[in-house]
Amino acid sequence: MTPAPTHHSLPDAAASRARLDARILAARSFPPPPEPAPRPAQVTVTEVPEVRAGALTGPLLRDAIAASGALLVRGLLPGAHHAPLRSAIDAVLAADGGLGTPWFDPPPALLAAMPARELAISRAFHRSSGSAMCAEAPAVAEYLLALYETLGLNTLAAHCLGGRPCLSVKKWVLRRSHKAVEEAGWHQDGAFMGAGIQSINLWLPLTVCGADTGAPGLDIVPARIDGLLRDGEGTFDWSVSPAYVKRELPPAESPRFAAGDALFFDHFFLHRTQYRPQFSRPRYAVETWFFAEGRAPANQVPLSWR
């Protein structure tokens with residue numbers, strides 16, 4: 001198992017920066033995903049299946065996503081990694097854009113791929129919500145890639161996606177929630193990444209959260225949705241209003257997550273950050289979107305996993 005991350009155990013900062021830079025540059029050759037013809041979304045009421053990490057296989061993950069849009073995996077990440085990863089997230093957030101440490105050292109290809117204004121807006125958004133793009137801390141990113149491989153996630157993702165997987169710079173995020181959680185919009189990530197992509201998301205909490213734990217997990221709709229929902233009532237053009245969810249879809253759920261549990265889902269799965277008026281505890285998490293190399297959205301800045 002990959003050792004837990006500390007300032008001294010992280011991969012070499014300069015080598016990590018160069019490696020991540022090469023990954024972003026390599027992904028520029030990936031073909032764009034197709035643009036499917038618009039069509040009404042098909043909604044099938046279902047349940048989100050659960051499985052223990054030891055029983056997880058690529059075909060099982062693929063079939064669960066196809067049938068239910070998501071799979072909850074209990075105990076995916078061993079406990080020895082929880083506290084050190086939380087500490088790494090604290091260090092990245094504390095760096096707050098300050099150069100000169102392994103916790104903030106964005107590679108040149110990232111700065112070229114995202115125009116200055118877009119990058120500034122993205123950083124401000126993440127800062128306001130208690131998060132950061134993992135790719136801006138390349139040593140942490142390379143550490144996580146090695147950890148994902150020891151967990152077999154590269155093989156699982158390849159089975160699920162039907163081809164070699166890559167990752168997204170914009171959608172690979174380190175998170176530490178604020179205690180005062182704002183009400184977030186219900187959304188499908190495909191609404192801003194594109195409907196023609198081939199994707200799977202790994203949402204990995206590092207603290208107990210969800211349900212009535214006092215730390216925000218995810219609110220989810222237990223339904224397989226094939227296509228993008230449009231209701232015209234959402235706060236944003238990519239969001240779906242609570243009134244629509246209550247009126248048109250099955251009752252939402254708020255699962256309880258233990259640290260190290262994982263929720264996998266695709267870009268049509270409807271969800272939001274769990275919202276309650278008051279939370280007493282923060283929630284740490286890592287979110288990682290994987291795409292098939294041939295169906296990766298350029299607007300999410302793919303990076304190669306070769």
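The values are calculated or read from the model by the stated rules, or taken from the named source; none is laboratory data. Just so it is clear, the structure is predicted and the values come from calculations on it, not from any experiment. Please note: Cβ atoms are built from the backbone with ideal geometry, for glycine as well, and neighbour counts cover all protein chains shown. The protein model used for the area step is the full one, side chains on, heavy atoms only, and it has no ligands, DNA or RNA in it. Shrake-Rupley method; radii C 1.70, N 1.55, O 1.52, S 1.80 Å.
Every residue in region 266-292 that is more than 25 Å from V45 (Cβ to Cβ) and within 17 Å of the chain's Cα centre (by Cα), please. Correct list: R283, Y284, A285, V286, E287, T288, W289, F290, F291, A292. Search region 214-231 for residues being touching a Phe, Trp or Tyr at 6+ places or on another chain (Cβ under 9 Å) and charged (D, E, K, R), and hand back the single one that is surrounded by the fewest Cβ atoms within 10 Å (Cβ to Cβ). Here the residue is D231. Filtering region 137-155 to residues that are of a type in the set (S, T, N, Q) and either assigned to a strand (DSSP E or B) or out of contact with any helix residue (DSSP H, G or I) (no Cβ under 8 Å at 6 or more places or on another chain) (or both) leaves only T150. Tally time: how many residues in region 1-20 are modelled with pLDDT of 90 or more and closer than 11 Å to E142 by Cα? Residues meeting the conditions: 9. Any residue in region 69-89 that is hydrophobic (A, V, I, L, M, F, W, C), open to solvent by 20 Å² or more (accessible area, probe 1.4 Å) and in contact with a Phe, Trp or Tyr (Cβ under 7 Å, 6 or more places away or on another chain)? No, region 69-89 contains no residue that is hydrophobic (A, V, I, L, M, F, W, C), open to solvent by 20 Å² or more (accessible area, probe 1.4 Å) and in contact with a Phe, Trp or Tyr (Cβ under 7 Å, 6 or more places away or on another chain).
Of the candidates P255, P277, the single residue that is open to solvent by 30 Å² or more (accessible area, probe 1.4 Å) and either over 24 Å from A88 (Cα atoms) or touching a Leu at 6+ places or on another chain (Cβ under 9 Å) (or both) is P277.
Taking every residue in region 149-166 that is closer than 16 Å to V73 by Cβ and pairing it with any residue that is outside any helix (DSSP H, G or I) and open to solvent by 30 Å² or more (accessible area, probe 1.4 Å), at least 6 positions away or on another chain, the pairs with Cβ-Cβ distances below 6 Å are T150/M1. Does A158 qualify as being closer than 27 Å to R28 by Cα, touching a strand residue (DSSP E or B) at 6+ places or on another chain (Cβ under 6 Å) and either part of a helix (DSSP H, G or I) or of a type in the set (A, V, I, L, M, F, W, C) (or both)? Spelling it out, A158 is indeed closer than 27 Å to R28 by Cα, touching a strand residue (DSSP E or B) at 6+ places or on another chain (Cβ under 6 Å) and either part of a helix (DSSP H, G or I) or of a type in the set (A, V, I, L, M, F, W, C) (or both). Within region 16-63, the set of residues being in contact with an Asp or Glu (Cβ under 8 Å, 6 or more places away or on another chain), part of a helix (DSSP H, G or I) and open to solvent by 60 Å² or more (accessible area, probe 1.4 Å) comprises R17, R19. Restricting attention to region 100-119 and to residues that are over 22 Å from A26 (Cβ atoms) and open to solvent by 40 Å² or more (accessible area, probe 1.4 Å), the residue that is farthest from the chain's Cα centre (by Cα) turns out to be G100.
Here the condition is being open to solvent by 40 Å² or more (accessible area, probe 1.4 Å) and either in contact (Cβ under 8 Å) with a residue 24 or more places away in the chain or β-branched (V, I, T) (or both); of S129, S122, it holds for S129 alone. All conditions but one from (1) over 21 Å from E47 (Cβ atoms); (2) among the small types (G, A, S); (3) in contact with a Ser or Thr (Cβ under 9 Å, 6 or more places away or on another chain) apply to A195; the one that does not is (3).
At least 2 residues being more than 28 Å from A137 (Cα to Cα) and modelled with pLDDT of 95 or more is the threshold, and among the strands (runs of 3 or more DSSP E) wholly inside region 171-248 those reaching it are 218-220, 223-226.
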